[in-house]
Structure formats: C-alpha cells, structure tokens
Amino acid sequence: MVLTLIVLLPLAGFFANGLLGDRLGKPFVTVVGCGLPIIAFVLAIKSFLVLLAGGGTPIVETVFTWARIGGQSFDIAFWFDRLSAVMVLIVTGVGSLIHIYSTGYMKQDKSYARFFAYLNLFLFFMLLLVLGRSLLVLFVGWEGVGLASYLLIGFWFEEADNARAGKKAFITNRIGDAGFLLGMFLLFWATGTLDMDRINAAFMSPKAPVVSASLVGILLFIGATGKSAQIPLHVWLPDAMAGPTPVSALIHAATMVTAGVYLVARMSGIYMHAEGASQVVAVIGVATALFAATIAVVQTDIKKVLAYSTISQLGLMFVALGVGAYSVAIFHVTTHAFFKACLFLGAGSVIHALSGEQDVRKMGGLARKIPVTFVTFVVATAAIAGIPPLAGFFSKDEILWFAFASERGGSLLLWAVASFAALLTSFYMFRLVWLTFLGKSRMTPEVEHHVHESPKSMTGVLAVLAALSAVGGFLSLPHFLEPMLPLPAVPEHLHPLETPLLIGSIVIAFAGLAGAAWFFGNGAVRAERMRQRFAGLHRVLAGKYFVDELYERLLGMPLCWISEHVFLRTGDRMLFDGTLHGLAGLARRTAGAFSRVQSGNLHLYALLVVAGIVAGLAWSFRFV
Amino acid sequence: MLLLVAMALFALGLIGVIVRRNLLVMLMCMELMLNGVNLSLVTFAQQTGTTAGAVLVFLIFVVAAAEIAIAIPIVLVLVRQRRTLDADAYTDLHG
C-alpha cells in the first residue's frame with residue numbers, strides 16, 4: 001500500500017488546496033502543500049530501505065484492474081525497482097525542497113493556493129509516471145505532467161505571452177506523444193503486453209518479438225524528444241521560462257524534462273537490440289548538446305541561459321543513453337536535478353532581490369549584497385561546469401568516457417563534440433556568474449536600493465541543494481543500478497586512456513572558467529569586442545538559429561493559410577453556412593407564400609375547406 | 001327521397017355560407033347544413049333500424065345550440081364596433 005500512498009498523497013494535496021485553499025488561508029495551504037510531499041518523501045525512503053533489504057527485488061503493487069479486454073487485463077500497477085527508486089527519491093526529495101522554497105518565493109502572489117494545488121498535481125502525475133509498471137500508466141503520467149506543466153507555465157495567464165508559451169509547450173509535446181503512442185501500439189501488437197518489465201524480458205529472450213526494435217525505439221524516442229526538449233522539438237523549453245521560477249526549477253529542469261531519459265533507460269531492453277535507434281539517440285543528443293550550448297553563450301535573460309543549459313545537459317544524457325550507458329544517464333539526471341534546481345532557485349532568488357529583473361545586462365556586483373545566493377550559485381555552477389570533486393564532474397566525466405570508449409557506438413567524434421559542449425557549458429555558466437554577481441553594478445538606483453537577501457525558507461533550500469550538488473557525485477549510482485542496467489563493455493585497448501580523458505575533463509572545466517574570466521572579468525570589454533567582431537554570428541546565436549521563425553514559415557503559415565482559405569472560407573462559410581442559410585431561406589419563402597392565404601376573408605376559408613373536403617372525398621373514392 | 005332532401009339542404013347551406021356576405025345569414029346557412037345532416041342521420045336510422053343515428057341527432061342539437069349561443073353574441077359585439085353585418089368588413093381580424 002505504501003507505493004499507492006506515495007502517489008496519492010500529492011493528489012490529496014491538489015484537491016485540498018484546489019478546493020479549500022482559498023477559503024482556509026495561506027497557513028493551511030503551506031502545511032498541506034509542503035507537508036504531503038514531505039510525507040511522500042519519507043515513505044519513499046521507507047520503500048527504498050525495504051527494497052535494499054530485499055536485495056533489489058522489485059516491489060509490485062496492483063491497485064486495480066482498469067480494463068479487461070479479451071484475455072488481456074490492463075492493470076494500474078506500481079513497480080518499484082532500483083531505477084524507479086532513484087527517480088521517486090529525486091522527484092519527492094527535490095520536489096519537497098522546491099515546495100518549501102515556493103512558500104517564500106510566492107508569498108506575495110494572490111493565487112498562492114492555486115500555485116500549490118498545481119505543484120501537487122504535478123508531483124502526483126510525475127510519481128505516476130516513474131512508478132507505473134505498464135506503459136499505459138506511464139503514459140497517463142506523461143500526459144498529466146504535460147498538463148501540469150501547461151498550467152504552471154501559464155500560471156500568470158493575465159499576460160498573453162505566458163499563456164502562449166503554455167500552449168506552445170503543450171502542442172509541441174503532442175507531436176512527440178504521437179510517436180510515443182505509435183510505439184506503444186507496435187509494442188502491444190508484437191508482445192501482447194504493455195508491462196515494461198515483460199516487454200524488456202520479451203526482447204531479451206532468445207525468441208525475440210517479430211518487430212523491428214529500432215522502429216519501436218525511434219518511435220519512443222520521438223516521444224522522448226518532445227518531453228525532454230531535444231532537436232527538433234526543443235523550442236518549447238526556453239519559452240516555458242514564462243512560468244514562476246520554482247516551476248522552472250522543478251518541472252523544466254529537475255524532473256519532468258528528464259522523463260524522456262527515464263523512458264529510454266526504462267525500455268533499455270529494446271534499445272540494447274536497436275543499434276540504429278541507439279545511434280539516432282546519441283547523434284540527436286550530441287547535436288542538441290552542442291546546439292543549445294552555443295545559444296546559451298549569448299543569451300541575456302538569466303533564466304533563458306539556464307533553460308538552454310538544461311537542453312544541453314539533457315542532450316548529454318541522451319548521448320549516454322545512445323552509447324548504452326543507461327545508468328550513467330540516470331546518474332547525470334540525479335546530479336543535474338541537484339545543481340540545476342539550485343541554479344534555478346538561485347536565479348529565482350536574484351530575480352526576487354531585484355524585484356523581477358531578469359536581464360543580466362542590468363545586474364552585476366550582487367555578490368556582496370546577497371551572499372548566500374551567491375555562494376550557493378557558485379557551488380552549483382562549479383558543479384555543472386564539471387569542476388572536481390563536485391557532482392557534475394563525476395557524471396559528466398562518465399558520460400564523456402563512455403561517449404568515447406563504449407563498444408556500443410562510442411567514437412572519437414562523439415567524444416569531441418560532447419567535450420566541446422562541456423567546455424561551452426563551463427564557459428557560459430561562469431559568464432553568468434560574472435555578469436550577475438561580479439564586476440560593477442549596472443542596476444538602476446531604485447532597483448539597487450531594494451536589493452535584499454531572500455527569506456530563510458529560500459536560502460535554506462539553496463544551501464541544502466548546494467550541499468547536494470557538492471557531494472552528489474559520490475553516490476556512485478551506476479554501481480547501484482548495475483544489476484538492472486549494466487554498463488556497456490569497453491574494448492581492452494582503450495582502458496589505458498581513461499586517466500588522460502579524466503584529466504582532459506578537468507582541463508575542459510577549468511578552461512571554461514578561465515575563458516569566462518578572461519572575457520567577462522574587467523568589465524567585459526573583451527567580450528564586447530568579440531561581439532562586434534563577429535556581429536553576424538552573434539545575431540544568429542542570439543536569434544536561437546531562427547528555429548522558431550523557420551517553424552513559423554514552414555508549419556505555422558501554411559496551416560494558417562489552409563485554415564483561413566480551405567476550412568474557414570470554403571468549408572465553413574460556403575459549404576456549411578451556405579447550405580443552412582439556403583434551407584432557412586427556402587422555408588421562409590414557402591411560409592411567405594402560404595401566409596398570403598390567411599387574408600381574413602371568411603368566404604375564401606369556407607371555399608378552401610369545401611375544396612379540401614371534395615379533394616379528400618375524390619381521393620378516397622378513386623378506386624370505386 | 002329523404003336523403004335527396006337532406007343533400008339539397010346541406011348544399012343550400014354550404015352555398016349560402018360561401019356566397020352570402022351577411023354574418024347572420026351565414027350563421028343561418030350553417031344551421032341549414034346541420035339540419036341537412038340531421039335529416040340524413042334520421043333517415044339512415046330508419047333504414048337500418050338502429051338507434052345510433054337518432055342518438056347522434058340529439059348530440060348535434062346540443063352542439064348546434066351551444067354554437068349559436070356563442071356565435072350570436074360574438075356577432076353582436078362585432079356589429080356594435082363597426083355598425084355593419086358585412087363579413088368582408090372584418091377581414092383585418094385575419095380570423
């Protein structure tokens with residue numbers, strides 16, 4: 001029953017806050033909104049201990065049978081193994097922290113209860129996603145987190161831009177979901193079940209199902225590209241920053257966007273037999289990593305930088321998945337959840353301090369004024385940049401190592417591109433630190449006057465996450481997950497290269513730091529000079545390679561044209577409206593003709609009655 | 001023979017209703033039609049030796065009395081308004 005309880009607690013919070021929150025006041029919302037996720041987290045730890053005591057045997061809980069069709073039954077069942085355990089602990093743990101942070105961040109908001117209701121709803125669906133045993137339950141959670149994400153991106157829906165960003169996220173995800181659904185159908189057709197453990201077992205058995213593993217793999221990966229914002233469906237994530245910052249931290253950095261990574265890792269049985277699909281995953285991943293990292297270098301909105309950084313890091317995770325190092329990808333999911341949540345919340349704290357300013361060009365010199373935010377932000381930055389011995393170093397180094405050495409698709413080119421993305425990561429993150437916290441202040445006097453450190457509820461969470469970002473690398477998750485997700489083999493002759501590559505990773509991290517210091521220290525004069533020199537390149541990067549504009553031309557405008565001309569003018573106005581108006585007009589004209597008979601002349605009426613009787617009699621006597 | 005008389009009465013009444021313009025005459029013509037029907041009913045009752053026709057005649061008497069009791073006051077009211085018995089004068093009522 002424990003697993004069911006973990007899932008249902010946030011749902012209870014959603015109903016309590018959503019229905020009663022406004023009436024019972026903020027203290028009630030705070031207690032329910034934060035309390036239930038924390039209880040869920042405690043229960044998750046308890047289940048985790050049970051799992052450990054059982055030596056890693058999965059815990060299964062069948063809640064009820066959803067449908068029974070023919071010989072097939074579709075159960076709502078929860079499945080708690082090592083992989084789900086890691087995900088559930090991240091979701092509830094980091095989720096609880098971000099809930100606590102939100103009590104401070106959203107304090108002044110008039111829709112406080114609605115915010116916590118949505119956050120709890122998100123947690124419910126996310127837990128459904130990671131705990132579901134069957135693809136069907138996972139899919140319900142998958143759609144549900146999309147819904148929660150939509151609601152929270154458009155949380156401040158009074159502004160049309162925010163509402164538009166929510167719609168964009170939702171619609172982009174639908175495209176990926178189409179692929180996901182097709183993959184599910186194929187799997188059900190081929191294996192006759194949707195339970196993921198059974199599907200994996202079917203693919204691992206000698207008598208493999210009669211379906212191309214690569215085809216299924218690619219279809220599922222299309223779903224993953226939507227949710228995890230990979231090329232070509234990455235466009236929604238930067239816009240999703242329109243939501244409140246805790247939402248960006250929870251949904252668009254730590255948990256929901258990693259659902260795609262979780263899906264591929266969960267279906268590793270298929271991908272192990274799908275070399276083609278794995279290659280696609282790796283290539284898309286590395287392309288996204290590089291692509292997003294280059295954009296992040298020139299963005300000026302503090303949250304947009306972090307958003308592109310998230311896309312880039314997700315790309316690296318997919319590289320790991322593509323070369324068969326599934327557990328390493330999950331390791332990076334975990335460390336990324338720590339440091340990216342910390343970064344986003346730190347950014348939230350900065351925005352809070354500056355009364356809503358997000359443009360780094362109008363910041364600078366904040367280190368002294370908000371020291372706790374500064375320190376935690378730097379720790380998390382160092383972690384994401386891969387500076388040892390912080391968390392990001394371990395996971396990223398392992399990804400780079402397997403990108404190079406894995407027998408399942410590792411290559412020098414993959415390593416080189418991924419390493420370059422890592423270098424850019426380090427560079428743009430330290431650039432952000434320099435522009436935000438160091439150097440001279442570029443704030444307007446009245447903003448500067450109001451700068452204040454955030455309340456304890458926010459800084460405390462930042463400190464916890466910074467600590468986790470610092471030590472999270474020692475978790476050695478790949479080892480923990482190895483019984484489930486074995487690491488790919490490495491050819492014998494490459495083993496000696498492990499240490500040089502490790503040193504290479506460290507050098508890359510520090511090179512990024514040095515580069516940022518060189519360009520952005522000293523008032524960023526050198527960066528400005530570079531910008532003027534490569535104005536064309538800067539324009540392309542600042543315009544995000546104009547992907548949005550391309551989609552608008554390629555998809556948006558033709559669709560608008562078809563809707564306007566074919567459906568609206570021809571279909572709706574001419575065909576439907578024309579037919580209906582025609583019929584109505586006919587009825588009106590006929591009625592007009594008949595109404596002329598009603599003249600008021602009694603003699604005419606009598607004559608007509610007689611004529612009618614005569615006609616009726618004549619008709620009834622026609623056979624006589 | 002009696003049936004022919006009944007038919008003649010009915011036809012006279014009908015023609016009267018259609019062609020005469022005086023409201024009172026039209027009402028009288030309607031009575032004529034009803035009496036034509038009554039005569040035919042009585043005749044049938046006699047021919048077949050049943051009582052159903054005769055019973056119907058009494059029903060028609062009652063209906064005719066009720067009808068005329070309502071129709072005459074209506075005509076009276078109309079005439080008080082317009083001072084004429086011509087049915088064509090009341091076409092604007094669109095009855």
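The values are calculated or read from the model by the stated rules, or taken from the named source; none is laboratory data. Everything numeric in this text was worked out from a predicted model, so none of it was measured. As a convention, Cβ positions derive from the backbone with ideal geometry for all residues, glycine included, and neighbour counts pool all protein chains shown.
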> residue A:109 passes all but one of (1) within 25 Å of the chain's Cα centre (by Cα); (2) within 21 Å of residue A:197 (Cα to Cα); (3) not in a helix (DSSP H, G or I); which number fails?
Replying inline: (2)
> For residue A:594, are the conditions met, namely being of a type outside the set (Ser, Thr, Tyr), more than 30 Å from residue A:405 (Cα to Cα) and more than 14 Å from every other protein chain (Cβ to nearest Cβ)?
Replying inline: no
>> List pairs: first residue in segment A:249-265 and modelled with pLDDT under 90, second residue small (Gly, Ala, Ser) and surrounded by fewer than 24 Cβ atoms within 10 Å (Cβ to Cβ) anywhere in the structure, Cβ distance under 6 angstrom, at least six positions apart or on different chains.
In response: none
> Any idea which of A:307, A:249, A:287 is closer than 23 Å to residue A:393 by Cα and surrounded by fewer than 24 Cβ atoms within 10 Å (Cβ to Cβ)?
Replying inline: A:287
>> Please go through segment A:500-526 and give me each residue that is in contact with a helix residue (DSSP H, G or I) (Cβ under 7 Å, 6 or more places away or on another chain) and either without any contact (Cβ under 8 Å) to a residue 12 or more places away in the chain or of a type in the set (D, E, K, R) (or both), ordered by number.
In response: A:518, A:526
> In this structure, is residue B:65 under 12 Å from the mean Cα position of the chain (by Cα), loosely packed, with under 13 Cβ neighbours inside 10 Å and farther than 20 Å from residue A:603 by Cβ?
Replying inline: yes
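For (1) of a type in the set (A, V, I, L, M); (2) buried (at least 20 other Cβ atoms within 10 Å of the Cβ); (3) in contact with a strand residue (DSSP E or B) (Cβ under 6 Å, 6 or more places away or on another chain); (4) over 24 Å from residue A:102 (Cα atoms), each residue gets a yes or a no:
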site	(1), (2), (3), (4)
A:333	yes, yes, no, no
A:338	no, yes, no, no
A:372	yes, no, no, no
A:386	no, yes, no, yes
A:394	no, yes, no, yes
A:398	no, yes, no, yes
>> For segment B:1-10, which positions are more than 10 Å from residue B:37 (Cα to Cα) and either touching a residue at least 12 places away in the same chain (Cβ under 8 Å) or touching a Cys at 6+ places or on another chain (Cβ under 8 Å) (or both)?
In response: B:2, B:5, B:8
> Under the condition of being assigned to a helix (DSSP H, G or I) and of a type in the set (Asp, Glu), which residue from segment A:142-166 is nearest to the chain's Cα centre (by Cα)?
Replying inline: A:143
>> Of the residues A:139, A:115, only one is part of a helix (DSSP H, G or I), within 27 Å of residue A:484 (Cα to Cα) and among the aromatic types (Phe, Trp, Tyr); which?
In response: A:139
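Conditions tested, residue by residue: (1) within 14 Å of chain B (Cβ to nearest Cβ); (2) under 25 Å from residue B:22 (Cα atoms); (3) hydroxyl-bearing (Ser, Thr, Tyr).
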position: A:569; (1), (2), (3): no, no, no
position: A:575; (1), (2), (3): no, no, no
position: A:584; (1), (2), (3): no, no, no
position: A:590; (1), (2), (3): no, no, yes
position: A:600; (1), (2), (3): yes, yes, no
position: A:612; (1), (2), (3): yes, yes, no
position: A:619; (1), (2), (3): no, no, no
> Inside segment A:411-519, counting only helices (runs of 4 or more DSSP H) that do not spill past its ends, which hold 2 or more residues that are closer than 27 Å to residue A:304 by Cβ and not aromatic (Phe, Trp, Tyr)?
Replying inline: A:412-437, A:445-450, A:456-471
> If a residue has to be in contact with a Ser or Thr (Cβ under 8 Å, 6 or more places away or on another chain), among the aliphatic types (A, V, I, L, M) and part of a helix (DSSP H, G or I) to count, how many in segment A:267-279 make the cut?
Replying inline: 1
> Any idea which of A:78, A:74, A:64 is modelled with pLDDT under 95, in contact with a Leu (Cβ under 7 Å, 6 or more places away or on another chain) and surrounded by fewer than 21 Cβ atoms within 10 Å (Cβ to Cβ)?
Replying inline: A:74
> If the Cβ limit is 7 Å and pairs must be 6+ apart or interchain, which residue in segment A:44-67 that is farther than 25 Å from residue A:96 by Cα and outside any strand (DSSP E or B) pairs with which residue that is modelled with pLDDT under 90 and of a type outside the set (A, V, I, L, M)?
Replying inline: A:56/A:483
